[in-house]
Amino acid sequence: RKKNKEIIMNELDILNHFQLTFVANAAYMLSFTGLVFITFRLVRFQREQNSNILGKTLVTIFGLCTVFYGYTVFSYLRNAQLAQSYRLSELKESGVELSTVTNSFIEFTGYSISDGWPPSFVPEAAANIFLITFALMIIAGTWVNLSKD
């Protein structure tokens with residue numbers, strides 16, 4: 001009969017795990033950047049072609065899907081940062097002595113085990129401001145006459 005063994009990650013395991021998470025997030029950010037470029041090209045194209053209501057609606061839907069994807073990517077990044085700090089502070093609470101770099105990361109994020117597990121779908125405030133601005137640019141660029149005439 002096999003006994004269940006509790007899996008305990010050490011400091012290096014936690015740091016390595018989250019490095020891989022940040023690499024994955026970089027790929028998501030790259031695809032988000034490409035979608036932002038495509039969205040602005042679509043907004044410009046539909047304006048140049050004086051698109052009908054269906055064309056404007058499709059561009060708006062695509063743009064808002066891009067905004068939602070960005071929200072997801074920014075949420076994933078923020079959750080990964082806070083989760084790393086949570087796990088490291090959990091390790092510290094158990095009595096393990098952590099490196100200076102790790103302690104400074106916990107201090108920098110300001111998030112510890114006492115805060116509970118981090119929220120999974122909440123990006124930081126600057127990301128929200130960016131995404132709201134991006135959404136407004138899509139909607140205004142598609143539906144509002146922005147020319148001086």
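Collect the residues in region 115-125 that are without any contact (Cβ under 8 Å) to a residue 40 or more places away in the chain and closer than 18 Å to Thr66 by Cβ, keeping them in residue-number order.
Listed by number, the list is empty, since nothing qualifies.
Check whether at least one residue in region 39-54 is open to solvent by 70 Å² or more (accessible area, probe 1.4 Å), within 25 Å of the chain's Cα centre (by Cα) and among the basic types (Lys, Arg), and report yes or no.
There is at least one residue in region 39-54 that is open to solvent by 70 Å² or more (accessible area, probe 1.4 Å), within 25 Å of the chain's Cα centre (by Cα) and among the basic types (Lys, Arg).
Looking at region 108-119, is at least one residue open to solvent by less than 50 Å² (accessible area, probe 1.4 Å) and in a helix (DSSP H, G or I)?
Within region 108-119, one or more residues are open to solvent by less than 50 Å² (accessible area, probe 1.4 Å) and in a helix (DSSP H, G or I).
Out of curiosity, is Ser31 out of contact with any Leu (no Cβ under 7 Å at 6 or more places or on another chain) and under 30 Å from Met9 (Cα atoms)?
Spelling it out, it is not the case that Ser31 is out of contact with any Leu (no Cβ under 7 Å at 6 or more places or on another chain) and under 30 Å from Met9 (Cα atoms).
Give Ala135, Ala140 a once-over and let me know the one that is small (Gly, Ala, Ser), part of a helix (DSSP H, G or I) and under 23 Å from the mean Cα position of the chain (by Cα).
Answer to the selection: Ala135.
Name the one entry in Thr33, Thr57, Thr66 that is part of a helix (DSSP H, G or I) and either surrounded by 16 or more Cβ atoms within 10 Å (Cβ to Cβ) or among the basic types (Lys, Arg) (or both).
Matching residue, one of Thr33, Thr57, Thr66: Thr66.
If you check Ile139, Ile132, which single one turns out to be among the β-branched types (Val, Ile, Thr), farther than 20 Å from Gln19 by Cα and in contact (Cβ under 8 Å) with a residue 40 or more places away in the chain?
Ile139
Six or more apart or on different chains, Cβ under 8 Å: which pairs go from a residue in region 14-31 that's more than 12 Å from Gly70 (Cα to Cα) to one that's among the charged types (D, E, K, R) and modelled with pLDDT under 95? Could you list them?
Every condition considered, the pairs that remain are Ile14/Arg87.
Kindly check whether there is at least one residue in region 86-94 that is in contact with a helix residue (DSSP H, G or I) (Cβ under 9 Å, 6 or more places away or on another chain) and either surrounded by fewer than 13 Cβ atoms within 10 Å (Cβ to Cβ) or not in a helix (DSSP H, G or I) (or both).
yes
The values are calculated or read from the model by the stated rules, or taken from the named source; none is laboratory data. What you see is a predicted model; the values in this text were computed from it and never measured. Neighbour counts are summed over all protein chains in view; Cβ atoms, including those assigned to glycine, are modelled from backbone coordinates with ideal geometry. Keep in mind that these areas ignore ligands, DNA and RNA; they rest on the heavy atoms of the full protein, side chains included. Shrake-Rupley method; radii C 1.70, N 1.55, O 1.52, S 1.80 Å.
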